[in-house]
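Below: one structure, written as structure tokens.
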Amino acid sequence: MNILDKLKINHRPSAGALDLLKYIGPGLLVTVGFIDPGNWATNLAAGSEFGYALLWVVTFSSIMLIIIQHNVAHLGIVTGLCLSEATNKYMPRVLSRPILISAMLASISTSLAEVLGGAIALRMLFGMPIKVGAVIVTVVCLGMLLTNTYSKIERWIIMFVSIIGLSFLYELALVDVQWEAAIEGWIKPTFPENSMLIIMSVLGAVVMPHNLFLHSEVIQSREWNLEDESVIKKQLKYEFYDTLLSMVIGWAINSAMIILAAATFFKQNIAVDELDQAQQLLVPLVGNNAGIIFAGALLLAGISSTITSGIAGASIFAGLYGEAYNHKDLHSKLGVLLSFIPALLIIFVVGDPFKGLIYSQMLLSIQLPITVFTQVYLTSSKKVMGKFVNSRSTTIILVTLGALVTFLNIALLISLI
């Protein structure tokens, strides 16, 4: 028996609050996908065009995300397999191969958006060309993924998310926020004229294919004895707290983006639909420091989300071979490269990289329902989950949310064509 096996048998989480802190982390990596550059653009558009009115969409999408992400983490805890491994093991090869190959394409599409977001931030900060910035972001993220262990990467991501959150707290301290309107916006659904596309964009961008693979994978970093039912139950509880805390943080940061845009751009009757434009307009409205901090936070968001996209790509590709993610394993390394290199090439080859970004989002819209319903099938299977199988009510909720996400993404796809 090797050391890892002994750890899995002997490690039993206690119920103390301090012990709970040891299990905070996996959810925060998923949160990064919830505050990636694509979400920035959508949130800024929502706040600049409709003020505080669409804050409820962030609340609703966060609740939806908690349910779906908790369910896929549930799969990882109970089976000891990530979504990719479980798909490979429990579904016929004629289905599992196309599902995982399409998921790999989705990972490439996600990496394209994240690398591009980091490159835009470098252009804001240093006037760097998009292609040069894309290479730098890709090389930095490759270096971190191919040399660092998961635990080190997790600490970096937690630090980045913390800095992003503090950056927006600073930004909000500089502007005059109408908090009564913000509170009303959080809890009262409204549908202003011409707002449906923005609403669908915010909701549709929340649940991302790579995040479902990612969460079921990174939850494996907390090693435990899968044969002890009481330990599994404790793990499920800890994971829920981690997911809940992480999604609340994501909710707060996304809300802060909308509030910042509402308090600055909407107040000045300025519609913003590009990240560069937002940074340039913040300077005369709020001050030079605000513009620099905005760009710096965007850079951290781009790097963080690129890293998590790479881990997801590695997990998906390794799962094709029935393996878990391991930064030292050949298949995991190839998965990272297959996620990053095609994305970088698209940025170089496509004349307008932003057009490539639109096409990437179209691919994600097509692939997401495949991943969501694969997850629901697996977690609703007694063969896979045993006594921890979804209840009928849970399955109904998940199918309903899956159908909603599918509808939103199809509607977005149609709007982009």
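The values are calculated or read from the model by the stated rules, or taken from the named source; none is laboratory data. Being a predicted model, the structure only gives us computed values, none of them experimental. For neighbour counting, all protein chains shown are included, and Cβ atoms are generated from backbone atoms with ideal geometry for every residue, glycine included. For the accessible areas, the whole protein counts, side chains as well, though only heavy atoms, and no ligand, DNA or RNA atoms are used. Shrake-Rupley method; radii C 1.70, N 1.55, O 1.52, S 1.80 Å.
Using Cα springs under 10 Å in a Gaussian network model of the chain, which residue among Asn326, Asn71, Asn194 shows the largest mean-square fluctuation?
Maximum fluctuation in the GNM of the chain, among the listed residues, is at Asn194.
Could you work out Rg/(2.2 N^0.38 Å) for the range 25-414, with Rg from alpha carbons only?
0.94
In the neighborhood of Val376, defined by Cβ-to-Cβ distances under 15 Å, what is the net charge if each Lys or Arg adds +1 and each Asp or Glu adds -1?
Neighbour charge sum, excluding Val376 itself: +3.
Taking the Cα atoms only, what angle lies between the long axis of helix 150-174 and the longest principal axis of the chain, rounded to 10 degrees?
Compared with the principal axis, the helix lies near 30 degrees.
First measure r as the distance between the Cβ atoms of Asn194 and Ile414, then evaluate 1/(1 + (r/R0)^6) with R0 = 22 Å and state the FRET efficiency to the nearest 0.05.
0.85
State which entries of Lys234/Lys383; Lys152/Lys328; Lys234/Lys328 exceed 24 angstrom in Cα-Cα distance in the structure shown.
Violating the 24 Å limit, Cα to Cα: Lys234/Lys328.
Once neighbouring chains are kept in place and the probe is 1.4 Å, which whole percent of the accessible area of the range 25-414 is contributed by carbon and sulfur?
67 percent
Add -39500 (n - 2.57) for each DSSP H run of 4 or more in the chain, then divide by its residues: what number comes out at 222 nm, to the nearest 500 deg cm²/dmol?
-26500 deg cm²/dmol
Going by the alpha-carbon gyration tensor, a ≥ b ≥ c the square roots of its eigenvalues, is the range 231-353 rounded (a/c under 1.5) or, if a/c is not under 1.5, prolate (a/b greater than b/c) versus oblate?
Since a/c reaches 1.5 but b/c is at least a/b, the shape of the range 231-353 is classed as oblate.
Using +1 at the Cβ of each Lys and Arg and -1 at the Cβ of each Asp and Glu in the chain, identify which of Val206, Leu75, Leu145 lies farthest towards the dipole's positive end.
About the Cα centre, the residue reaching furthest to the positive side is Leu75.
Explain nothing, just the number: dipole magnitude of the chain about its Cα centre with +1 on each Lys and Arg Cβ and -1 on each Asp and Glu Cβ, in debye rounded to the nearest 20.
That gives the chain a dipole magnitude of about 1160 debye.
Between Gln367, Leu412, Ile63, whose Cα lies farthest towards the positive end of the dipole of the chain when Lys and Arg beta carbons carry +1 and Asp and Glu beta carbons carry -1, centred on the Cα centre?
Gln367
Find the accessible area per residue for the chain; the probe is 1.4 Å, ligands and nucleic acids are left out, and the unit is Å².
41 Å²
Once both axes come from the Cα atoms, what is the angle between helix 229-261 and the longest principal axis of the chain, in degrees from 0 to 90, rounded to 10?
Here the helix axis deviates by roughly 10 degrees.
Select from Ile259, Ile187, Gly287 the residue farthest towards the positive end of the dipole of the range 169-288; place +1 on Cβ of Lys and Arg, -1 on Cβ of Asp and Glu, and compute about the Cα centre.
Working it through, the farthest residue towards the positive pole turns out to be Ile187.
When the Cα centres of the range 363-417 and the range 30-85 are compared, how far apart do they sit, in Å?
14 Å
For the ranges 99-111, 386-398, 54-66, what's the packing order if you count other beta-carbon atoms within 10 Å of each residue, average per peptide, and put the highest first?
99-111, 54-66, 386-398
Measure nothing fancy, just the Cα-based angle from helix 93-126's long axis to the longest principal axis of the chain, in degrees from 0 to 90, nearest 10.
Helix 93-126 sits at roughly 40 degrees to that axis.
Around His210, what is the net charge, scoring Lys/Arg as +1 and Asp/Glu as -1 over all other residues with Cβ under 12 Å from its Cβ?
-3
Using label points projected 7 Å from each Cα along Cα→Cβ, tell me how many nm separate Lys152 and Lys267, to one decimal.
Computed distance between label sites Lys152 and Lys267 equals 4.4 nm.
May I ask you to compute the full-extension gain from Lys328 to Lys382, defined as 0.36 nm times their residue separation minus their alpha-carbon distance, rounded to one decimal in nm?
16.1 nm
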